[in-house]
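The values are calculated or read from the model by the stated rules, or taken from the named source; none is laboratory data. Just so we're clear, the structure is a prediction, and the values are computed from it rather than from any experiment. Every residue, glycine among them, receives a Cβ derived from its backbone with ideal geometry; neighbour counts consider all protein chains shown.
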Amino acid sequence: MSGLKLHRICQIMTPEPGNPMEVEGVLNPAAVRGPDGELYLFPRLVAKGNYSRVGIARVLFNESGDPYGVERLGIALEPEADYELRADGSGGCEDARVTFVEPLKLYLMTYTAHSPIGPRIAFAVSEDLFHWKRLGLATFESFLGIDFAHVDDKDASLFPIAIPNHSGKMQMAMIHRPLFRGTRPEETANKAASRIVDIDHESIWISYCPMPVEGQKLQHLGLFNSHHRLATPVSPWERLKIGGGTPPILTQHGWLIIYHGVSEISDKESDNHLCYSAGVMILSKEHPRIIHYRSVEPVLNPIMPEERNGIVPNVVFPTGIDRRDDLGMPNRFDVYYGMADKRIGVARLDVPDLLPQEGNVSDDTVSYEKI
């Protein structure tokens, strides 16, 4: 394991018996503090036929300050827009991330819209976390021949403040991972024993758009027309795919992201031979396109029965993070994650004063021998 580790606290949410909206899983929640200081989760609730809604739940804490359960509060989003519905009656609002964008004094949600043409990044905005207004789909300009506009895309999250783009202009920034043809883990797993990674099409990207003006009625976000390749698969545990996880959150070392990686495993008890694990990435505070630290080994692997058995076996999938300023512990981060696409767990990350030395990884040239 890496010098940075996640320590499991508990399984915090499971499908509610008899609730048809959760019959196929409760997973991959956003986590954010509300205006009242309470912590709220926005889990994906999956009904029959993989029909997903984004729910709302308040996190409950014990006397020691550890989360132990939730109080369900209803639905934040359910499929209604044309880009969330399909002709066959299916559809979905999935895998939300929520960020309080400080210049706007608003909460912005990124989520995956299960659209007629595939998964796409969508936005919604709220002042109080209980009333959400859709802002439509993300729009992209191409970059050096790379078409971001007409491919599947998901696992997006926003920075809470404006950050400098490649030319130094302060803008809104979004982390995302386009799913170009041939780059899904089930596709890369079937390639030759040794392969060269396509760094443009298999990477996590940061894309930028103008920051909206505070006080103006927000109808949509602007065109994302500035792009920077952030991170490419480099380690064996992420050799098939990497993608976003928790929204960036500031630490003493820079912007912290818990991201996911996919590898192959031999599991005789399952037809699924993919393994989703979690790693840590820390980006420069001043220039987040620069990586200061990156996990060589996972900080969380699917080893518990609840993580190995479920709708999709062998999955830990981080999506929510909470800095424990409420406990006077700004170096403690609670990470909320999906367990085998069926349940939600929470684990604790304590960020040390000094980062481990082994986290210096270069991804300028990447090739793999299948292991």
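Among residues of the range 206-234 that are assigned to a loop (DSSP other than H, G, I, E, B), those with a Cβ under 8 angstrom from a residue that is surrounded by fewer than 16 Cβ atoms within 10 Å (Cβ to Cβ) and among the acidic types (Asp, Glu), sequence gap 6+ or separate chain, pair up as Leu223/Glu141; Asn225/Glu141.
Residues that are part of a strand (DSSP E or B), out of contact with any Leu (no Cβ under 9 Å at 6 or more places or on another chain) and over 22 Å from Ala30 (Cα atoms) are absent from the range 185-192 altogether. Being surrounded by fewer than 21 Cβ atoms within 10 Å (Cβ to Cβ), touching a Phe, Trp or Tyr at 6+ places or on another chain (Cβ under 8 Å) and in a strand (DSSP E or B) is the filter here; which residues of the range 42-66 pass it? Arg58, Leu60, Phe61, listed by residue number.
Exactly one residue among Glu38, Glu78, Glu84, Glu71 is in contact with a strand residue (DSSP E or B) (Cβ under 6 Å, 6 or more places away or on another chain) and buried (at least 24 other Cβ atoms within 10 Å of the Cβ), and that residue is Glu84.
Here Tyr208 meets each of (1) closer than 30 Å to Glu358 by Cβ; (2) under 20 Å from the mean Cα position of the chain (by Cα) with one exception, condition (1).
When the range 1-18 is examined, which residues are found to be in a loop (DSSP other than H, G, I, E, B) and modelled with pLDDT of 95 or more?
Thr14, Pro15, Glu16, Pro17, Gly18
Of the strands (runs of 3 or more DSSP E) lying entirely inside the range 262-371, the ones with 3 or more residues being under 16 Å from Ile249 (Cα atoms) and either at pLDDT below 95 or under 21 Å from the mean Cα position of the chain (by Cα) (or both) are found at 274-283, 291-294, 316-324, 329-339, 343-350. Counting only residues that are aliphatic (A, V, I, L, M), surrounded by fewer than 21 Cβ atoms within 10 Å (Cβ to Cβ) and touching a Cys at 6+ places or on another chain (Cβ under 9 Å), how many does the range 172-227 have? Here the count works out to 1.
Looking only at the range 138-184, count how many residues are acidic (Asp, Glu), without any contact (Cβ under 8 Å) to a residue 60 or more places away in the chain and assigned to a loop (DSSP other than H, G, I, E, B).
1
Among the residues of the range 9-46, the one identified as in contact with a helix residue (DSSP H, G or I) (Cβ under 9 Å, 6 or more places away or on another chain) and basic (Lys, Arg) is Arg33.
Is one or more of the residues making up the range 25-43 on the phi > 0 side of the Ramachandran plot and modelled with pLDDT under 95? For the range 25-43, residues on the phi > 0 side of the Ramachandran plot and modelled with pLDDT under 95: absent.
Just need a number here: residues in the range 240-254 that are part of a loop (DSSP other than H, G, I, E, B) and surrounded by fewer than 24 Cβ atoms within 10 Å (Cβ to Cβ).
Residues of the range 240-254 part of a loop (DSSP other than H, G, I, E, B): 240, 244-248, 252-253.
After this cut, where a residue has to be surrounded by fewer than 24 Cβ atoms within 10 Å (Cβ to Cβ) as well, the list is 252-253.
Counting residues in the range 240-254 that are part of a loop (DSSP other than H, G, I, E, B) and surrounded by fewer than 24 Cβ atoms within 10 Å (Cβ to Cβ) gives 2.
Scanning the range 1-35 for residues that are of a type in the set (A, V, I, L, M, F, W, C), farther than 21 Å from Leu256 by Cα and either without any contact (Cβ under 8 Å) to a residue 24 or more places away in the chain or surrounded by fewer than 18 Cβ atoms within 10 Å (Cβ to Cβ) (or both) yields Cys10, Val23. Looking across the range 87-137 at every residue that is among the small types (Gly, Ala, Ser) and assigned to a loop (DSSP other than H, G, I, E, B), the one that is nearest to Leu73 (Cα to Cα) is identified as Ser90.
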